[in-house]
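Presented below is the structure to which this report refers.
The values are calculated or read from the model by the stated rules, or taken from the named source; none is laboratory data. Keep in mind that what you see is a predicted model, and the values were worked out from it rather than measured. Virtual Cβ from ideal backbone geometry, glycine too; neighbours counted across all protein chains shown.
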Amino acid sequence: MRTTALRTARAALWVALPAELALVVCLVGGVRITGPVLLAVEALVVGVLALEAAVMWPLYTARRRAGEGRRAAALSAVRAVVPVAVRRLMVHELRALHSLGVWAVRRRHRIPEGALPFSYTAPQTGTMWAFFFASVLETVVLALVIPWPLVHVVLLVVGVYGTVLIVALHAACVTRPHVVEADGSLRLRYGALFDLWVPASLITAARVGRRYDGGGLVRVDGNGGLDLAVGSRTTVTVELAEPVEFVRPLGRSGSARTLRFHADDPRAAVAALSRKPVTPVTPVTPERTAPFSPPGPPV
């Protein structure tokens, strides 16, 4: 019974979200939506939220009776009901919004002492700002032409949030660069969407290798190669002694033995990966000896 309820709640969530998105797209495109259709879609969303709450509450109370705290019980209930992809998208958005504050104070996210950061945003900066200005223009135009007050407010909120989110995604990339740590380990990142740490012991070779391939952000080929592309390009190739596990932005996992990623300064990144880690030298101190006593006069 509980399994059926969980499946129903997840299926309803996947139905409600596209329906709400389709409604917004139709309104933006100028399609005239009748009152009953609007009411039906909103009723669907409210019903799905009520169903989610009804399914999560027994899970929450069961966890509480098992001795878990409120936070742990709530997280367990959310994990059981909300699909992994939806949860990860929500976390990515929160991290991106947090990056706005980090960017505003001109700081970077988790750069250890002695580590070298390498940016990767150059190929996408122009595109991101173009999206930003297009979003601002679209928000202003819709605010002027939409005659219905309720729809006007909804689209204005959505437009402003979308504009802020575009800047937040770029801020996440700026504040989360690739990192080569002092011991030679590598941390590959793309904003808040992707994070992979590779220990120095697995890195066997690094070289500059420029590739231009179409496709998404994270791609895996049939030879065990992972491409973390920016602007459909990669500039650095790293060979590993054995495959490493990684997690895609929406939660799927994979493994790769060859890593290809973009760095704005690929030669500096390769030089940092090829350097020998510096080990501190312990200073040699002279041994202490017992005080020397001169021999006494002969007897």
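Tabulated data for the structure shown
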item	result
The range 247-282: number of residues that are in contact with a strand residue (DSSP E or B) (Cβ under 7 Å, 6 or more places away or on another chain), part of a loop (DSSP other than H, G, I, E, B) and modelled with pLDDT under 95	2
Selection within the range 156-169 - within 12 Å of residue 93 (Cα to Cα), out of contact with any Phe, Trp or Tyr (no Cβ under 7 Å at 6 or more places or on another chain) and touching a residue at least 40 places away in the same chain (Cβ under 8 Å)	164, 165, 168, 169
Elements of type helices (runs of 4 or more DSSP H) in the range 74-176, at least 3 residues being under 30 Å from residue 64 (Cα atoms)	84-104
Residue in the range 192-238 that is nearest to the chain's Cα centre (by Cα), counting only those that are part of a loop (DSSP other than H, G, I, E, B) and under 21 Å from residue 267 (Cα atoms)	229
Selection count, the range 59-91, where residues are in contact (Cβ under 8 Å) with a residue 60 or more places away in the chain and out of contact with any helix residue (DSSP H, G or I) (no Cβ under 8 Å at 6 or more places or on another chain)	5
Among the candidates 211, 189, 207, 107, residue that is buried (at least 19 other Cβ atoms within 10 Å of the Cβ), in contact (Cβ under 8 Å) with a residue 12 or more places away in the chain and among the basic types (Lys, Arg)	189
Residues of the range 153-168 that turn out to be under 11 Å from residue 142 (Cα atoms) and small (Gly, Ala, Ser), as a count	1
Residue 145 being modelled with pLDDT of 90 or more, over 27 Å from residue 102 (Cβ atoms) and of a type in the set (A, V, I, L, M)	no
